[in-house]
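Here is the structure we will look at, set down as structure tokens.
Laboratory data are not the source of any read-out in this text; all were calculated from the coordinates shown. This is a predicted model, so every value here is computed, not measured. When we count neighbours, we look across all protein chains shown, and the Cβ atoms used for this are built from the backbone with ideal geometry, even at glycine.
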Amino acid sequence: MLGRPRALAGGAIHASWRLAATIEGGHLAGNQDLVLRCAVAPAHSESRSLAAQAALLQTARAQGCPAPEPLWLATEAEGFAREYLLLRWVVGEADPVALAHVSATSGGGEGLAREIGRTLACIHALKPSHPALAWLGAAPGDPVRQGLERLASGLARLAEPQPTLAWALGQLERAAPRGRPVALAHRDFRVGNLVIERDRVAAVLDWEFAGWSDPLEDYGWFTAKCWRRHAPERIAGGIGPLDAFAAGYAEGGGEVVAEESLRFWQAFAHLRWALIALEQAARGRANGDPELQALSERLPEIARELQHLLA
């Protein structure tokens, strides 16, 4: 027996609903709190299928990383009209505004920032040699170059030229590091995709962009100014100080990140976010979604930050 579904916030790439269910028989017998997740058409160019996301969640959980538990995957091949994934509900808070307030009243967010750093390092401990991730294919020989090629492709697909973004790509190409390691990167690791319960990361959500990359792509994405709008002075995702996040990342086995590297990856993050925002805005115009259309209004602030980071 199912209760009335309740739509959850977000949903630009996948739509999610929370629902209560009473299940008779089997290992899930009893009252269950669940999340139903399905893709929103048209699909985003970089988004993985729900089947791939379920596999990533299972591997991350086996590694000890906090992630939602996938319970059931329905596919079109099985006769369903649309692919969807059923997950166990995770208790905690994910709203960036609420988390910024909590951090401000709990020691400046130092403990939580450190915990988030350890969580990110746990994800990055998954390497191309891991047998459960063989389906991801061969790791890139030069992960930074691969990432820049993705950005160049995204820039080339835009309907209108974007001179500032093209300039930023050129600056990143000239500054690109070589010989970098490869690990599983979440590629959307930020406040909003983290479920927090007290000072603990209960789950990392939304693995649709995950894949092989330089692990510092996640580090720069999490600390980028565009993802800490509610508390820009707290460089660790709007949660707490950078040194606490860095300490937790190192404690979990991550590398110590130099300031020059951090600026490169923060600029990379802003350019990638600009391209995603433009693509999403185009999708919004196509399907009449004003929230997606409004993402293009973020471009001036992104351009200013790119100029600041790359000057």
Exercise. Label points 7 Å out from Cα along the Cβ direction at Arg18 and Arg61: separation in nm?
Worked result: 1.9
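Taking neighbour counts of Cβ atoms within 10 Å as a proxy for exposure, in what order, fewest first, do Tyr249, Tyr84 appear?
Working: Tyr249 28, Tyr84 19.
With the sparsest Cβ surroundings first, the list reads Tyr84, Tyr249.
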Problem set entry | Rounded to 10°, Cα long-axis angle of helix 50-63 versus longest principal axis of the chain | 90
Seminar exercise, completed: In nm, the gap between the two label points placed 7 Å beyond Cα toward Cβ at Trp72 and Ala250 is 4.8
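Taking the number of other C-beta atoms within 10 Å as the exposure measure, put Asp206, Asp33 in order starting with the fewest. Write down the numbers at each step before the final one.
On the way: Asp206 23, Asp33 13.
Ordered from fewest to most neighbouring Cβ atoms within 10 Å, Asp206, Asp33 come out as Asp33, Asp206.
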Exercise. Calculated FRET efficiency, Glu149 and Arg200, Cβ-Cβ r, R0 51 Å, to nearest 0.05?
Worked result: 0.85
Exercise. Mind listing P(r) for region 200-253? All alpha-carbon pairs, 10 Å bins, whole percents.
Worked result: 22, 51, 27, 0
Problem set entry | For the chain: Kirkwood Rh in Å [reciprocal of mean 1/r, alpha carbons] | 20.3
Exercise. For the chain, modelled as a Gaussian network with Cα springs under 10 Å, which listed residue fluctuates most, Gly288, Gly240, Gly108?
Worked result: Gly288
Seminar exercise, completed: The extension gain from Ala159 to Ala52, computed as 0.36 nm times the residue separation minus the Cα-Cα distance, is 35.5 nm
Exercise. In percent, how large is the relative contact order of the chain, given Cα pairs closer than 8 Å and 6 or more residues apart?
Worked result: 18
For this session: Give the Cα extents of region 102-223 along the principal axes, in whole Å, largest first.
Result: 44, 38, 26
Exercise. How do Glu83, Glu160 rank when sorted from fewest to most other Cβ atoms within 10 Å of their own Cβ?
Worked result: Glu160, Glu83
Exercise. With charges only on Cβ, +1 for K and R and -1 for D and E, what is the dipole size of the chain about its Cα centre, in debye, rounded to 20?
Worked result: 160
Seminar exercise, completed: Cysteines of the chain without any disulfide-compatible partner (other Cys Cβ under 4.7 Å) are Cys38, Cys226
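Run the numbers for Trp167 and Asp95: contour at 0.36 nm per residue of separation, minus the present Cα-Cα distance, in nm. Numbers along the way, then the final one.
Values: separation 72, 0.36 × 72 = 25.92 nm, distance 3.38 nm.
Gain in length upon complete extension: 22.5 nm.
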